[in-house]
Structure formats: C-alpha cells, structure tokens
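**Student:** Mind having a look at this structure? Questions to follow.
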Amino acid sequence: MHHHVSSLLGLCTMLLAGATAAVEPTPTPAKVSDIALQAPDTALPVAVMGCGGAYFLANQGPLRITLSKRETSPQAQPVRAVLTTPDRQVIADVWIPGLADAGAAVQSVTIEHDVASAGVYALSLTAPGDRYGTRFQWMLETNCPRYLLETSRGHRDARHEEPLIIANPNRDVNVFFFPTAAAFALEASGLPANSPGVTLRDHAGAVVLVQPPNAEQTAQAKLPADPSRQAPWQVTIPAGGAVINLDHLTRWDSQSEYRDQSLWTGQRDAWFDFFSNRKLLVPYRHTRHLAPGETAAVTFTVNNQGKSPKLVTLALEFPPGAKPFTALPETTLEVPPGESRPVTLPCAAPPAGETRHCRLRATSGDFSTFSTLVLKSGRRDQLYDFTPPLVLAPYLHENDQFAYDVDYPLGGQPYFDLENRPVIYSGNRIRTWRDGAWTPAVVNLADNQIDNTFARARVSKIAFDRDNWYYTIAADQDQPVLLYSSDLGKTFAALPLPVNGAFDIEQFSGHNLPDGPPPIMCHTVTTERDPQRIWRRVHDVNLLLPKKEGGKIVLPEPITVSRSGIGYSAHSGIPSSMVSRGDNVHLIWAEATDPADKTIPGVPTYTATCNRQTGTLSQPALIGYGPPANDVHNTPCITIDSKGYLHALVGTHGSTFLYARSRQPDTAAQGWTETAPLGEKLSQTYVGLICDQNDILHVVFRLARPPENTFPAGSSSSLSLMSKPALADGWPSPRQLVLPAFTDYCVYYHRLIIDRGNRIFLSYDYWSTYWFYRNDQAKSRRALMMSPDGGQKWRLASDQDVRGKQ
C-alpha cells in the first residue's frame with residue numbers, strides 16, 4: 001500500500017517560490033519515492049524517539065537514505081524531512097503525513113541523490129505540533145559509509161538535555177559517541193526486566209565497565225576525568241530498549257568540549273570527526289551582485305572547533321570548461337584550536353546577464369566539504385524590494401533569496417542622531433559611518449586596555465540629547481557604566497552607575513527628545529527564582545536622571561519607582577520604558593503579584609510622570625493587566641505623539657495586547673482611556689512601538705497561529721505589524737512581515753526603529769525552536785528591513801539606506 005504526497009510537495013514548492021528570487025546554480029533535486037505504508041508488525045530493528053536528524057560524509061556517487069516512521073500516539077503526527085547538499089541547498093523537502101487510525105503502522109520514504117562533489121549532507125527531521133518528538137519513532141538506513149545522527153528536539157525553558165530514547169526490541173544496540181576528557185556520569189533507565197545492564201567500551205573496543213541495573217531497572221555509573229580518551233567510545237544497550245542520559249552527549253555544562261551537540265552513530269566504521277570540523281568553512285553559500293566595473297573581496301571563514309591545531313587545505317572548483325574568475329591567496333592554513341581564519345576571494349563583476357560560480361573546498365585530514373560562491377551582474381541591492389510577507393524557508397534566508405549582502409554591522413540595529421547619522425552598537429563595539437567606513441569608537445574603560453574600542457554591551461540601544469550627545473550602557477569589568485560621547489561617537493567616556501540589573505535607556509521613538517541626558521530605568525532582582533514560576537521574579541525598579549555639569553555627566557540619587565517590578569524583557573521588541581518631553585519623563589512598568597491570588601487577570605501595568613527639575617514622581621496609574629500574571633514576557637511599551645499624548649501598550653504572552661492613551665497631553669497623571677484589545681484572539685508577544693511623523697502608531701510583534709497557515713500541517717508564528725492613526729479608534733488586522741522556515745515555536749529578536757526622516761527600520765533574527773537547525777546555522781541570520789512610506793512598502797535595507805546621503 002502506498003500513499004503519494006505529491007500534493008504536499010507541490011504546496012511546499014509553491015510556498016517556497018512565493019518571495020524567492022532564483023539563485024543559480026541549483027543542484028538536481030533528489031529523487032523521492034512514494035511513501036510506503038507497511039503493516040503494524042513491521043520490525044524496526046532500531047528506532048529513535050525525538051526530533052533531530054543526521055549528517056552524511058558523502059563521496060561522489062549515489063547517496064540513498066531510507067527514513068522510516070512509526071507513530072506511537074493515537075494523534076496523527078506528520079514529520080518533515082529536509083535534505084541539503086554540503087552548501088545547504090535543499091534537494092528534498094518531504095512531508096510524511098500523520099496516520100490517525102494506523103495503529104503502529106510504519107511509513108517509509110527513500111531519498112536518492114547523485115553526489116557530484118564530496119561533502120557533508122544534512123538531513124533534518126521536525127514534527128509539526130510535536131517539537132520534542134514524543135509521538136513517533138524513526139529509523140534511518142543509508143548506503144553512506146560514514147554518518148552521524150543528532151538527537152535535537154525543540155528547545156525547552158530549562159537546561160538543554162537530549163536523552164537518547166532507543167527502541168530495540170529484538171537485538172543489542174551500540175551507540176558510538178565522543179568521550180569527554182572530563183568526569184562524566186551515565187544513566188540507562190527503562191531497562192526491561194532481567195536486563196544485564198549496559199556495557200561501556202573505549203575506542204579500541206576494550207570493556208571499561210559492565211553496569212547492571214538497580215531495583216528500579218536503571219544502570220548508573222560515574223567515571224573520573226581522563227584526558228587520554230579517544231573517540232569513539234561505545235555504550236551497548238541490550239535488547240528491549242532504554243533511555244540513555246550521558247554527560248556531554250545528552251546534557252552539557254561548562255566542562256563540555258562540544259556544547260549542545262548530541263552526535264552519535266550505531267556503527268564504529270560510520271564514525272567521523274564532525275565535532276572539530278563542524279562549520280569548518282562558512283558561510284555555506286554566498287551570493288553577491290556586482291555592478292559593471294565593480295570589484296569586491298568576498299570573505300569566507302575557516303573554523304577550528306577542535307582542541308588541537310588544524311591544517312586545512314583549500315582549493316577552488318569551477319564548472320567544467322569555465323574560466324577561473326578568482327584565486328586563493330593561499331592554499332593551506334594552520335588554524336589554532338578554537339580560532340578562525342579568513343579566506344578572501346577577489347572578484348570582479350561578470351558580464352551583464354552572466355552568472356559565475358565556484359566551489360571553495362576545505363579539507364582537513366579525511367574530512368572534506370565545500371562552500372559555494374555565486375556572482376551576478378547588477379546593482380548590489382537590486383533584489384532587495386519585496387512584497388510582504390518575506391517567506392523564509394529551510395536554508396533559504398535573505399542572502400539566498402535576495403543576494404542580501406551589506407557592509408553595515410548586522411549584530412545590532414541602527415539608531416539615528418539629530419542629523420540622521422547612523423550609530424550601531426554591534427559585537428561590543430559602537431560604530432559610526434565616517435571617513436568611508438564603519439569605524440569603532442574609542443571607549444575609555446579599565447576593561448579594554450588591549451583594545452580600546454571594546455565595550456561589553458549591557459543594552460543595544462543608542463540614545464541622544466538636544467546637544468546631539470550619544471549615550472548607551474556598557475559594562476566595565478563587572479561595573480555597569482553609562483557611556484557618553486560629545487564628538488558624534490568618535491570617543492566615549494564612562495560614568496559608573498549606582499545600580500545594576502536589566503537596563504533600559506530612552507531611545508528616539510518618533511516625537512520624544514529629552515532636555516538633558518536620556519533617563520535610564522534599571523530592574524534589579526530581589527528574589528530567588530521559583531522553579532514552579534520561572535517567569536516570576538520580583539525587582540526593584542529605579543529611575544536614573546543623569547545631568548550635565550561642566551561638560552561632564554553626573555548622577556543624582558536613583559528614584560525608586562517600584563519594589564514589586566516583574567522585570568524587563570528586552571531580547572525581542574526591546575520596548576521603550578520611557579518617553580520624554582521637556583522636563584517631563586513618562587514611565588511605564590509592570591509588576592509581580594501574589595501567585596496565590598488567582599483573581600488577578602494578568603501582570604498589572606503602571607505609568608507615572610517624573611519631573612526632572614524636582615525629581616518628583618506622580619502617583620502611579622494602573623492602566624491594565626497583561627495576561628498571564630507573573631510573566632516577565634509581558635513587558636509594556638510607551639511612546640508619545642506630536643501633540644504630546646502618551647500611547648501605551650500592555651504587554652502579553654500569547655494573548656492580545658491592550659492599548660490605552662493618556663487623556664491629557666504630556667502627563668500620565670491625568671487619566672487614561674480604558675484599555676482595549678488590539679483585535680480579537682490575537683496571540684501576541686514581544687511589543688515594539690513607535691509613532692511616526694504623521695502621528696501613525698506602528699507596533700511590531702510575534703504573532704502565533706496566524707490565520708494564513710503557510711505549511712501543509714502544523715502552525716507557526718510570524719513577525720507582524722499593526723498600524724493606526726494615533727487618535728483613531730480601533731486597529732486594523734495584522735500584516736505579516738516575515739514567515740518562518742519551520743513550524744512550531746520561533747522568535748525573531750526584533751527591534752523597531754524610526755529615523756529622523758520618518759523611515760521605519762526593523763531589525764530581526766529568526767530563531768527556530770529546533771536545535772538541529774540552529775546548531776547547523778553558519779552564523780547569525782540577522783537582517784534589516786526598511787519602509788520609506790509608513791510601513792506600506794518594504795525592502796531589505798541597503799548600505800545607502802542606512803548611511804543616508806553622507
């Protein structure tokens with residue numbers, strides 16, 4: 001019996017084509033068989049429970065992979081399998097549908113591909129609606145001599161652990177793994193009755209220990225540190241199955257050589273050193289447009305993830321008959337352990353209408369893989385315009401789809417001074433565009449005697465005052481400091497801050513401009529974490545109002561705002577806690593409550609106004625509750641319009657944001673409109689809010705379970721936008737700006753910015769719940785988009801968009 005999935009594959013193909021610009025060359029798609037349905041009693045000699053995938057060190061010739069899936073729950077569970085080439089081009093994207101009434105039936109699919117160039121192929125397995133993989137078992141069979149499995153589920157809000165759940169009813173199973181030099185513990189639980197326990201062997205096959213189970217049918221052992229261990233070691237699981245937990249293989253700590261990498265295989269001969277060679281050469285693939293007559297230097301990076309020096313041989317591979325268009329500066333590199341070395345390829349623009357490509361191969365010992373460089377003729381940003389939503393797909397992000405390639409730093413987001421000059425705090429350096437380059441500022445800290453441009457960031461925001469001084473917050477050793485610059489970001493001085501915790505500093509959000517240095521809020525935790533309520537901790541909330549005296553910054557005593565703050569969540573949205581006009585500083589914060597009081601509908605959100613001259617704080621005004629209660633995700637946000645009215649959003653975690661407006665301009669103390677939801681049953685989290693020069697409010701957020709599902713099965717979360725006139729009633733429906741590559745949980749680490757010319761910038765970095773995909777990412781995927789017209793049209797921001805007319 002067969003189930004054909006052409007309709008699912010066709011739907012997926014159409015979705016991928018939605019906002020994708022074709023980038024050549026593309027490999028021949030793999031041949032995917034129909035899905036075979038086998039009887040429930042079909043034997044799976046060895047099956048694994050949990051999502052993850054595999055890596056195949058494939059040589060030239062045919063590659064064959066058969067994936068089998070058995071569902072273990074009455075609920076139908078689809079599985080998605082994505083196979084990529086060494087340069088991470090997708091050659092198969094297979095959705096195996098769920099079987100609601102199939103009992104323990106087994107589905108299998110075979111993927112075949114003719115390997116043209118040796119390297120590491122990757123196969124990821126995800127399960128819509130089951131990110132931990134608890135509702136199915138899977139097994140791989142392959143003709144590839146060397147391969148590793150990786151047990152990598154979706155993330156949990158807890159210590160990362162990936163227990164190996166092995167089902168092997170009829171035979172012993174070996175698990176070959178990398179042995180840590182540190183001490184480690186092993187537990188094998190769920191062993192069947194009369195089990196002899198587990199056997200541990202070293203790299204030569206010599207028995208290290210045989211551990212029988214205890215009365216609870218769990219075998220436990222601890223081994224001391226031993227730096228002489230060599231890979232691979234093996235643990236033998238007797239017939240009947242077990243759950244294996246092993247330090248540095250399924251759980252990790254600061255002593256782990258290779259954090260978060262649950263790599264193993266079932267055959268000794270299949271083992272290969274992927275640990276020290278992981279991401280040996282990145283990016284996996286890079287596309288660049290060059291205008292006629294333009295030249296460029298494209299840089300790849302060779303990484304040594306190992307513990308000893310690595311000699312890497314480099315070579316360029318061009319299509320048959322093609323004339324080489326670039327050359328290597330050197331063909332061998334010696335890379336110290338834990339370090340990286342750049343490989344820069346000089347390139348010139350190809351003739352109009354022509355595409356050039358080559359492979360850059362890196363070889364270390366018997367490990368070899370490659371990256372691909374694609375050059376096209378044309379303006380660098382010619383593909384940057386897109387019609388939202390921008391549809392991400394596995395390994396098809398902004399560079400792959402739009403040849404997105406920029407010089408501005410991507411680790412942070414741009415802020416714009418009073419003359420609209422950009423400033424970016426990225427990679428612990430504050431950079432401005434001057435003298436034709438993104439130049440780091442000199443920062444006077446005790447912490448950076450070796451490199452005086454280094455400043456460990458405590459916030460990524462840059463703030464400004466009426467004199468166009470620049471401000472941000474960093475750390476000098478363990479001391480938080482306010483950094484300030486009076487010379488347009490060339491140099492920064494430091495002022496120690498008297499409090500420590502989670503900081504926010506007032507950034508420009510459309511109509512605010514503090515008279516003096518920008519105010520600062522600090523949330524300092526005062527209680528221990530409750531493991532039963534991981535999102536609840538009580539904080540002191542303090543307001544700092546820096547002043548200028550004699551060309552320097554001084555700090556009066558902090559003003560206590562609250563002793564019951566819930567904290568400040570800044571990784572996505574980085575919401576504005578403060579907005580100023582003249583001497584008035586308007587604040588917003590949220591508070592923790594008594595968990596025993598079940599009548600409280602959410603996190604209470606308060607506002608107040610502080611006068612800078614007197615230091616007096618108005619009576620806090622409760623404007624609403626953001627569900628659920630005692631959740632730091634529910635950080636609120638505030639902004640101000642051109643008339644001085646304040647606009648507040650009550651943050652939520654998976655519920656609809658609540659909106660309120662001050663009844664009087666420039667004060668939080670004269671009442672607020674009743675809070676109203678932004679829509680019906682919107683699952684919103686991570687608020688970012690601005691007000692543009694036309695008094696249009698724009699809010700960007702993660703929207704879970706959007707109405708337009710982009711996948712054949714499962715649900716996802718988009719990065720979405722809502723906009724409305726500041727004084728109008730009601731909000732329109734959300735507009736999706738970015739759609740994810742995978743189903744299930746994701747976050748976008750988004751930051752919403754507006755410049756002095758009314759352009760909106762949105763920085764984002766898509767993060768999937770699935771460890772396999774994130775472990776395999778070559779680098780941060782942060783990108784920057786820009787709207788010149790109030791959020792109607794969008795494009796990926798070019799260098800000129802960020803630098804302006806300087």
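The values are calculated or read from the model by the stated rules, or taken from the named source; none is laboratory data. Note that this is a predicted model, so its numbers are computed, not measured. Here the Cβ positions follow ideal geometry from the backbone for every residue, glycine too, while neighbour counts run over all protein chains shown. What goes into the accessible areas is simple: the full protein's heavy atoms, side chains included, and nothing from ligands, DNA or RNA. Shrake-Rupley method; radii C 1.70, N 1.55, O 1.52, S 1.80 Å.
**Student:** Can you tell me the order of 613-626, 222-235 when each peptide is scored by its average per-residue count of other Cβ atoms within 10 angstrom, highest first? Don't skip to the end; give the middle numbers.
**Tutor:** Numbers: 613-626: 16.9, 222-235: 15.1.
Final packing ranking: 613-626, 222-235.
**Student:** Can you give the accessible area of Met578, probe radius 1.4 Å, in Å² rounded to 10?
**Tutor:** Result for Met578: roughly 0 Å² accessible.
**Student:** For Lys461, which aspartates and glutamates qualify as cross-link partners when the Cα separation must be under 14 Å and same-chain residues fewer than eight apart are set aside?
**Tutor:** Output for Lys461: Asp417, Asp504, Glu506, Asp755.
**Student:** Taking a 1.4 Å probe, which of Arg756, Arg705 shows the most accessible area, and what order do the others take after it?
**Tutor:** Numbers: Arg756 55, Arg705 155 Å².
Largest to smallest exposure gives the sequence Arg705, Arg756.
**Student:** Highest first, please rank the peptides 342-351, 401-410 by the mean number of other Cβ atoms sitting within 10 Å of their residues. Present the calculation step by step, with values, prior to reporting the outcome.
**Tutor:** On the way: 342-351: 15.6, 401-410: 20.1.
Highest to lowest by the protection proxy: 401-410, 342-351.
**Student:** Also, I was wondering about something else. Using only the heavy atoms of the protein chains and a 1.4 Å probe, how would His397, His539 rank by accessible area, largest first? Intermediate values should be presented prior to the final figure.
**Tutor:** On the way: His397 5, His539 25 Å².
These residues rank, largest area first, as His539, His397.
**Student:** Would you kindly state how much longer the chain becomes between Lys547 and Asn194 on full extension, computed as 0.36 nm times their sequence separation minus their alpha carbon distance, in nm to one decimal? Don't skip to the answer; put the middle values down first.
**Tutor:** Values: separation 353, 0.36 × 353 = 127.08 nm, distance 7.54 nm.
Contour length minus Cα-Cα distance gives 119.5 nm.
**Student:** Hey, can you rank 647-655, 787-795, 112-120, 604-612 by average C-beta count inside 10 Å, highest first?
**Tutor:** Top of the packing list down: 647-655, 604-612, 112-120, 787-795.
**Student:** Can you send over the carbon and sulfur percentage of the accessible area for the range 286-396, probe radius 1.4 Å, protein chains only?
**Tutor:** On the way: 2650 of 4990 Å².
Carbon and sulfur atoms account for 53 percent of the accessible area of the range 286-396.
**Student:** Could you give the distance between the Cα centres of the range 517-543 and the range 141-219, to the whole Å?
**Tutor:** Between the Cα centre of the range 517-543 and that of the range 141-219, the gap is 41 Å.
**Student:** Here's a follow-up. Run the simple label-point estimate for Glu557 and Ile450 please: 7 Å along Cα→C-beta, distance reported in nm.
**Tutor:** 4.2
**Student:** Also, quick follow-up: Skip the ligands, DNA and RNA, and give the accessible area per residue of the chain with a 1.4 Å probe, whole Å². Intermediate results must be reported in sequence, preceding the final value.
**Tutor:** Numbers: 30640 Å² over 806 residues.
Solvent-accessible surface per residue comes out at 38 Å².
**Student:** Right, here's the next one. From zero up to wherever the largest Cα-Cα distance of the range 720-806 sits, split into 5 Å bins and tell me the percent of pairs in each.
**Tutor:** Per 5 Å bin, starting at zero, the Cα-Cα P(r) for the range 720-806 comes out as 3, 11, 20, 20, 17, 13, 10, 5, 1, 0 percent.
**Student:** Carbon and sulfur atoms: what percent of the 1.4 Å accessible area of the range 510-596 do they account for?
**Tutor:** Values: 1550 of 3310 Å².
Answer for the range 510-596 is 47 percent, counting heavy atoms of protein chains only.
**Student:** Another question, if that's okay. Full extension from Gln267 to Asp487: what is 0.36 nm times the residue separation minus their Cα-Cα distance, to one decimal in nm?
**Tutor:** Details: separation 220, 0.36 × 220 = 79.20 nm, distance 6.30 nm.
Here the segment from Gln267 to Asp487 would lengthen by 72.9 nm.
**Student:** With the full set of protein chains in place, find how many percent of the accessible area of the range 133-189 is carbon and sulfur; take the probe as 1.4 Å. List each step's numbers first, then the result.
**Tutor:** Numbers: 1000 of 2100 Å².
Its accessible area is 48 percent carbon and sulfur atoms.
**Student:** Could you state, as a whole-number percent, how many of the C-alpha pairs of the chain are farther apart than 43 Å?
**Tutor:** On the way: 113393 of 324415 pairs.
Cα-Cα pairs of the chain separated by over 43 Å account for 35 percent.
**Student:** Something else now. Which lysines does Lys222 reach when only Cα atoms under 28 Å apart count, and residues fewer than 8 places away in its own chain are ignored?
**Tutor:** Filter leaves Lys307.
**Student:** Per 0.36 nm of contour for each residue apart, how much would the distance between Ala181 and Ala39 grow if the chain were fully extended, relative to their Cα-Cα spacing? Intermediate results must be reported in sequence, preceding the final value.
**Tutor:** Numbers: separation 142, 0.36 × 142 = 51.12 nm, distance 4.51 nm.
Full extension of this stretch gives 46.6 nm more.
**Student:** With a 1.4 Å probe and every protein chain left in place, tell me how much accessible area Tyr766 has, in Å² to the nearest 10.
**Tutor:** Approximately 20 Å² for this residue.
**Student:** Let me ask something additional. Tell me the relative contact order for the chain as a rounded percent, counting alpha carbon contacts under 8 Å between residues six or more apart. Numbers along the way, then the final one.
**Tutor:** Working: 2188 pairs, mean separation 73.0, N = 806.
It comes to 9 percent, rounded to a whole number.
**Student:** How many nm is it between the label spots at Leu513 and Arg795, if each spot is 7 Å from the Cα in line with the beta carbon?
**Tutor:** 2.8
**Student:** Can you compute log10 of I(q)/I(0) for the range 384-494 with the Debye formula, treating each Cα as one identical point scatterer, at q = 0.13, 0.20 Å⁻¹?
**Tutor:** Result of the Debye calculation: -0.56, -0.98.
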